[in-house]
Amino acid sequence: MIAGPLMVALLGIVVYRYGYVRVQAELKTINEDQVISMKTLEKYIALIFEKPELEKKLVSLTEKRKTDDAKLIEGQTPSLVAAALQDTLNGIVKGRGGTITSERVGKAEDLGKFKVITVSMDVTLPDVSALSDVLSSIETRTPSLVVKELDVRVRDFRNPKELMVKMDVSAMTGGQSVASPTKGEKPLPSPGQSEKPLPSPAQTQPATPKEAAVE
């Protein structure tokens, strides 16, 4: 008589432990998976709705990058950048009737991930109007050029028209590594090194005893 109820009780325990409890655990796992799946789905839906806005931002950033890159002078090495800067300045000065008596390339300066290349020039210009045109052309040009220093003097005080101009013009380029000179190639002179002025007719003229600064 006792064995019957005992077997029923044991059977109930087995059913509860391996039936009900196991089913509840599986249901809990399924519910947790559903919650995770819903959260993931919500994220994907949010990304889908944000895609047009993200594409607009990407286009805007791409255009901004192109605009910023256009302000830099291209060149694989600072030497090539300096040569391009010299050619540009030569064209600007000579296009306004000026004469370059000497030009020098300074040492490249690091500015974050960029490098600053500076060219120093001694220039003779016919008048103040030509100087104004040269400065305007330099500072409104793309790639961007900056006149860092400017010194203007009258060549002949008795005839204050022709000007003698010293100026330092800088441009930025990407942060290339400075290449070592190849065999037979001379490095660019720095401001502290000996400088050899470019020959021009102005050098054959006698220097005036006194130069007055333009006010």
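The values are calculated or read from the model by the stated rules, or taken from the named source; none is laboratory data. Worth saying up front: this structure is predicted, and the values here are computed from it rather than measured. In this analysis, Cβ positions are derived from the backbone assuming ideal geometry, glycine residues included, and neighbour counts consider all displayed protein chains.
Does Ser137 qualify as being surrounded by fewer than 17 Cβ atoms within 10 Å (Cβ to Cβ) and of a type in the set (S, T, N, Q)?
Numbers: surrounded by fewer than 17 Cβ atoms within 10 Å (Cβ to Cβ): no; of a type in the set (S, T, N, Q): yes.
For Ser137, the condition - surrounded by fewer than 17 Cβ atoms within 10 Å (Cβ to Cβ) and of a type in the set (S, T, N, Q) - is not met.
Within the stretch 83-112, residues that are within 29 Å of Arg155 (Cα to Cα) and buried (at least 17 other Cβ atoms within 10 Å of the Cβ) reach partners that are at pLDDT 90 or above and among the acidic types (Asp, Glu) with beta carbons closer than 7 Å, at six or more positions or on different chains, in the pairs Gln86/Glu103; Arg96/Asp133; Thr101/Asp122.
Could you pull out the residue among Ser79, Ser136, Ser132 that is in contact (Cβ under 8 Å) with a residue 24 or more places away in the chain, among the polar types (S, T, N, Q) and either farther than 14 Å from Thr173 by Cβ or in a helix (DSSP H, G or I) (or both)? Explain how you work it out, then say what you get.
On the way: Ser136 fails: in contact (Cβ under 8 Å) with a residue 24 or more places away in the chain; Ser132 fails: in contact (Cβ under 8 Å) with a residue 24 or more places away in the chain.
Result of the check over Ser79, Ser136, Ser132: Ser79.
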